[in-house]
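Novice: First, the structure itself, so that you have it in front of you.
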Amino acid sequence: MAISTSLVNGSENAEEHRPDHGLANLSLSSKTIHADDYLNKGRDVAPPLHVSTTFRYNRDPDQLKAHRKEDPDEPYDEHVYSRHTAPNTTRFEAILSDILKGPALTYASGLSAFHALLVFLNPKRIAIRNGYHGCHGVIGVHAKLTGLKKLDIDCPAEELQPGDIIHIETPLNPTGSAYNLKAYAEKAHSRGAFLTVDSTFGPPPLQDPFLWGADVVMHSGTKYIGGHSDLLCGILAVNPARAKEGWWDKLFEERLFLGNVMGSMEGWLGVRSLRTLELRVERQSNNATKLVAWLNFALHSEESVAGDAKVVKAVLAKIDHASLQYEDIKEGWLLKQMAGGFGPVFSITMKEQIFARRLPSKLQLFHHATSLGGVESLIEWRTMTDPRVDTRLLRVSIGVEGWEDLRDDLLQAFQALSEESQGDSKK
Ligand SMILES: Cc1ncc(COP(=O)(O)O)c(C=O)c1O
């Protein structure tokens, strides 16, 4: 498709490109590279970093217009104070709104985005499963002020009332298992409740929760959106139908007062990161799916005396990942929902706790660290940060390295563990 030269080169009057900047039918990568072109003002190809917290008003007194949200002519790229908007985050949000397919706002972290969501919707009940423990921490803080009650996500629909929330994390932390969004959307909407989706483990291009009825999509942008383990970020994207009901405007207004905005450096890093989102996530998803298939084959193979299978079987008890949900794949919803590929996180449960404790130190290419989504592979003995999980479980976040290198690294580490345990048992 043709892109106008003024759009690429920037224009003195960026406003003229705002309503339709001509990118609707482009691929994900074309969007992550060009969806913010309409904000170009200078000749820089790489967007400049603006650190100012405050912005000069017009020197012409006749041009001075008090900031009023309801003013339809309010310039969208003129900034007043960075708790409201700032150039780097506005640019970042412009791309996010395009690729998440609903107007998006950014926050200081994933948890502050979740907090903003609870403050905005202020439900009486929230139906949720285990998932990321930090979100349960936020619910605890919010409940202190509001009396918010938690329900099990699979509670009977009758327990939900208008204005309540089903909050679903899919794929789920830490296992990487996926859940049927359409079924939960139908359940929530049948009761006048809302579906909010934590899609952190399923960034574009893997899934689009709005296709299946999500009212709000949340991301910890710290993970795949940032992608380099160097920025904290939270994101809320609003279903376009809900945005027409004023949800985005209200969230925007409330963010100004909650003050939970990202810094400009993070906005700048976020744009740098989004440019390669599709390349990174596709590679990470492919790598993870290949590794899971290899591990699963070895674990369940008949070959019991030699080769990879012997080494894997000696130490590994279980693998969890959406690619192994064969029933759901057969039913059809899973491949439709994760049309862009499975998530790059999976979990492994070792035969013994001591194996889980020792495995990270035997690996060369995986950092032993919490978090996920970066270009580098991470492994975490999950009990280090989440007291609720099986102490034999490790969460694995796959990066963009060569998958065969990661496979060989895991194999040599399993081998070392199994030799060590044979040595221990002889002592
Ligand atoms: C699924 C999920 N949601 C939310 C969060 C919180 O994000 P942040 O650390 O950016 O606050 C995390 C963090 O690991 C997460 O895994």
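We did not get these values from a lab; they are worked out from the coordinates using the rules stated. Every value quoted in this text rests on a predicted model; they were computed, and no experiment measured them. Glycine gets a Cβ as well: all are built from the backbone with ideal geometry, and neighbour counts include every protein chain shown.
Novice: Can you give me the relative contact order of the range 277-426 as a percent, contacts being Cα pairs under 8 Å and 6 or more apart? Spell out each step's value before the answer.
Specialist: Working: 237 pairs, mean separation 40.0, N = 150.
Relative contact order of the range 277-426: 27 percent.
Novice: Relative to the Cα centre, what is the charge dipole magnitude of the range 277-426, using +1 at the beta carbon of each Lys and Arg, -1 at the beta carbon of each Asp and Glu, and rounding to the nearest 20 debye? Present the calculation step by step, with values, prior to reporting the outcome.
Specialist: Working: 18 positive and 22 negative charges, 68 e Å.
Around 320 debye, computed over the range 277-426.
Novice: Could I ask something else about it? Provide Rg over Rh for the chain; use the alpha carbon set for both Rg and the Kirkwood Rh (inverse mean inverse pair distance). Provide the component values of the computation, followed by the final result.
Specialist: Details: Rg = 23.3 Å, Rh = 23.1 Å.
Reported Rg/Rh (Cα atoms, Kirkwood Rh): 1.01.
Novice: OK, next. Full extension from LYS182 to SER361: what is 0.36 nm times the residue separation minus their Cα-Cα distance, to one decimal in nm? Write out the running numbers ahead of the final one.
Specialist: On the way: separation 179, 0.36 × 179 = 64.44 nm, distance 4.10 nm.
Length difference between fully extended and current span is 60.3 nm.
Novice: Same structure, new question: Sorted from fewest to most neighbouring beta carbons within 10 Å, what does the list THR90, THR200, THR32 look like?
Specialist: Values: THR90 18, THR200 28, THR32 23.
Ascending Cβ contact count within 10 Å gives the list THR90, THR32, THR200.
Novice: What do you get for Rg/Rh of the range 78-274 when both radii come from the Cα atoms and Rh is the Kirkwood radius? Present the calculation step by step, with values, prior to reporting the outcome.
Specialist: On the way: Rg = 15.7 Å, Rh = 16.6 Å.
Looking at the range 78-274, the ratio lands at 0.94.
Novice: Let me ask something else about it. Using helices alone, I'd like the mean residue ellipticity at 222 nm for the chain: each DSSP H run of four-plus residues gives -39500 (n - 2.57), total over residue count, nearest 500. Can you show the working numbers first?
Specialist: Numbers: 15 runs with 168 residues, N = 427.
Roughly -12000 deg cm²/dmol at 222 nm, from the helical runs in the chain.
Novice: What distance in nm separates the two pseudo spin-label positions at TYR81 and ALA24, each 7 Å out from Cα along the beta-carbon direction?
Specialist: For TYR81 paired with ALA24, the spin-label model returns 3.7 nm.
Novice: Around VAL271, what is the net charge, scoring Lys/Arg as +1 and Asp/Glu as -1 over all other residues with Cβ under 9 Å from its Cβ? Don't jump to the answer; show the numbers that get you there.
Specialist: Values: positive: ARG91, ARG272, ARG275; negative: ASP36.
Result for the local shell: +2.
Novice: Can you order the peptides 264-270, 364-370 by their average number of other Cβ atoms within 10 Å per residue, highest first?
Specialist: Numbers: 264-270: 21.6, 364-370: 15.6.
Ranked from most to least packed, the peptides come out as 264-270, 364-370.
Novice: With the crude spin-label approximation of a point 7 Å out along Cα→Cβ, what separation in nm comes out for VAL375 versus ASP154?
Specialist: For the pair VAL375/ASP154, the computed spacing is 4.1 nm.
Novice: What number comes out for the charge environment of CYS233, summing +1 per Lys or Arg and -1 per Asp or Glu over other residues with Cβ under 10 Å away? Walk me through the numbers on the way to the answer.
Specialist: Numbers: positive: LYS223; negative: GLU266.
Combined, the nearby Lys, Arg, Asp and Glu give 0.
Novice: Under a crude label model (7 Å from the Cα following the beta-carbon direction), how far is ASN122 from ASP424 in nanometres?
Specialist: Going by the 7 Å Cα→Cβ label model, 5.4 nm.
Novice: Going highest first, how would you order 120-129, 253-262 by mean Cβ packing within 10 Å?
Specialist: Details: 120-129: 18.9, 253-262: 17.0.
The most tightly packed comes first, giving 120-129, 253-262.
Novice: Set Lys and Arg Cβ to +1 and Asp and Glu Cβ to -1, take the dipole of the chain about its Cα centre, and tell me which of CYS135, PRO103, HIS34 lies farthest positive.
Specialist: CYS135
Novice: In addition: Can you tally the net charge around PRO103? Count Lys and Arg as +1, Asp and Glu as -1, for every other residue whose Cβ sits under 11 Å from the Cβ of PRO103. Could the numbers behind the result be given before it?
Specialist: Values: positive: LYS101, ARG242, LYS244; negative: GLU93, ASP98, ASP249.
So the environment of PRO103 carries a net charge of 0.
Novice: How do the peptides 350-359, 137-146, 44-53, 99-108 rank, highest first, by the average count of neighbouring beta carbon atoms within 10 Å per residue?
Specialist: On the way: 350-359: 18.8, 137-146: 14.2, 44-53: 12.4, 99-108: 22.3.
The peptides rank, most packed first, as 99-108, 350-359, 137-146, 44-53.
Novice: Looking at the chain, what % of its DSSP beta bridges pair antiparallel, to the nearest 5?
Specialist: Values: 23 of 39 bridges.
Just about 60 percent of them are antiparallel.
Novice: Still on this structure, I have one more. For the range 78-274, what does the relative contact order come out to in percent, with C-alpha contacts under 8 Å and a separation of six or more? Show your work: numbers first, answer last.
Specialist: On the way: 372 pairs, mean separation 58.8, N = 197.
Taking the mean separation of contacting Cα pairs over the length of the range 78-274, I get 30 percent.
Novice: Something else now. Over the chain, what is the relative contact order in percent, taking alpha-carbon pairs closer than 8 angstrom and at least six residues apart?
Specialist: Working: 802 pairs, mean separation 64.4, N = 427.
So the answer I get is 15 percent.
Novice: Still on this structure, I have one more. Run through the DSSP bridge list for the range 277-426 and note the antiparallel percent, rounded to the nearest 5. Could you put the intermediate results ahead of the total?
Specialist: Details: 13 of 15 bridges.
Of the beta bridges lying entirely in the range 277-426, close to 85 percent run antiparallel.
Novice: State which entries of LYS124/LYS187; LYS101/LYS150; LYS101/LYS244 exceed 20 angstrom in Cα-Cα distance in the structure shown. Please list the in-between numbers first.
Specialist: Values: LYS124/LYS187 17 Å; LYS101/LYS150 29 Å; LYS101/LYS244 14 Å.
Cα-Cα > 20 Å for LYS101/LYS150; rest within.
Novice: For the range 143-242, treating each Cα as an identical point scatterer without solvent, what Debye log10 I(q)/I(0) comes out at q = 0.14, 0.18 1/Å?
Specialist: -0.56, -0.89
Novice: For LYS182, go through the aspartates and glutamates and keep the ones whose alpha-carbon is under 20 Å away, minus same-chain ones fewer than eight residues off.
Specialist: Once the sequence-local aspartates and glutamates are set aside, what remains near LYS182 is ASP152, ASP154, GLU158, GLU159, ASP164, GLU169, ASP198, ASP208, ASP215, GLU327, ASP328, GLU331.
Novice: Treating the range 129-200 as a set of equal point scatterers at the Cα positions, no solvent, please give the Debye-formula log₁₀ I(q)/I(0) at q = 0.22 Å⁻¹.
Specialist: Rounded to two decimals, the profile gives -1.05.
Novice: For the range 230-254, list residues with backbone N below 16 Å from a point placed 7 Å from the Cα of LEU145 toward its Cβ?
Specialist: Answer for the range 230-254: 251-254.
Novice: For the range 379-427, restrict the atom set to alpha-carbon positions and state the Rg and Dmax in Å.
Specialist: For the range 379-427, the Cα-based Rg and Dmax read 13.9, 41 Å.
Novice: If the reach is capped at under 24 angstrom between alpha carbons, list the lysines near LYS290, excluding any in the same chain fewer than eight residues apart.
Specialist: Partners found: LYS223, LYS310, LYS313, LYS318, LYS330, LYS336, LYS351, LYS362.
Novice: Please identify, among HIS79, HIS189, HIS67, the residue showing maximal mean-square fluctuation in a Gaussian network model of the chain using a 10 angstrom Cα cutoff.
Specialist: Comparing HIS79, HIS189, HIS67 in the GNM, the peak value goes to HIS67.
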